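For reference, the structure discussed in these notes is given below.
Nothing in this text is a laboratory measurement; each read-out follows from the coordinates by a stated rule. Remember, it's a predicted structure, so these values are computed and weren't measured experimentally. Glycine gets a Cβ as well: all are built from the backbone with ideal geometry, and neighbour counts include every protein chain shown.
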Amino acid sequence: MFTGAFKEASSNEAHFPEDDIDAWELLVQWLYQGRLTPLILSPNRDKTEIVALEKRVKLYCLAETYGITQLMDSTIDTLAQIYKVRTRTPDLSTFRYAYAHTLEQSPLRALMSRWFYHLLVTRDDARQTRYGTETMFGLAMEQPDLVHDLFELMRGQMATVPPGVMDPGSVDLCTYHQHTLLDEPVCPNKKPMSADATKLLKLMVDTFPNSKKRFTVESLCRRLSLDKRATLALVQELTDLKKVMWTVSGTETVLECL
């Protein structure tokens, strides 16, 4: 840009009118320091903390716009870890900004849609919160892509809410990262696959190579000598590691290797 036949080369300036100035300040800081400044949580979730979180969301959107994957991963780690704190949940403005400034299949959308689902099933109107039914409905109507992502999370769930929805903080951070096909460089946060999850994956690959196979939950339990909850936890682990796709229909769990 600054060396080619562009006006920026002669003026030594570049203008990005659609990008947020706060996000650019954090981007420049990250470029100079090589890291993000830690976010400090306030005792009562004050305005300073809320503004700082909003800036991180804007930073992620900026990094996604320009394909800065390392910054994307670092930023979304910050957000996901903040939301692990039980009293911290995304603001309505965060949902709106994330969906207005990211693309389909964005990891930030994956994080936000999981939290939206979580808030739907863990909040009710028995006591007043900022996530009332009418408020959540209004947000959904504003953001049809959010509804689409919510449907994807809900599909095939027969009276079963996925563990990653009931407790979004339990989801492996790697779920939201930008890995290459060869997963290089190795993500420092990536957890090794557990022995039981490895056993389940090997069972699928060795027994049913290159095909989809329908398993009942009971059948999986018998094969692995585990109870239903533990078996479903392994399925969720493989899903988070992007090893399998799964849905639940009645008493059947449908698994497919990726």
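With the simple spin-label model, which puts each label point 7 Å out from Cα in the Cβ direction, the Q128 to R96 separation comes to 2.0 nm. Counting neighbouring Cβ atoms within 10 Å and putting the fewest first, the residues I76, I68, I50 line up as I50, I68, I76.
Give me the net charge for the shell around S106: Cβ to Cβ below 11 angstrom, other residues only, Lys and Arg +1, Asp and Glu -1. It would help to have the intermediate numbers written out before the result.
Numbers: positive: R109; negative: E64, E104, D145, D149.
Counting the neighbours of S106, the net charge comes to -3.
For D206 and Q70, a Förster radius of 25 Å and the Cβ-Cβ distance give a FRET efficiency of 0.10, rounded to the nearest 0.05.
Taking the number of Cβ atoms within 10 Å of each Cβ as an exposure proxy, the fewest-first ranking of H118, H148, H101 is H148, H101, H118.
Projected label points at V161 and A195, each 7 Å from Cα along the beta carbon direction, are separated by 3.4 nanometres.
Amide H contacts for T216 (H built 1.01 Å from N in the peptide plane; partners 5 or more residues away or on another chain; cut-off under 5 Å): T253.
Say each of E218 and T87 gets a label point 7 Å from the Cα, pointing the same way as Cα to Cβ; how far apart are those two points in nm? Those two pseudo-labels are separated by 4.7 nm. With Rh defined as the Kirkwood radius, the inverse of the mean 1/r over Cα pairs, the Rg/Rh of region 7-157 is 1.01.
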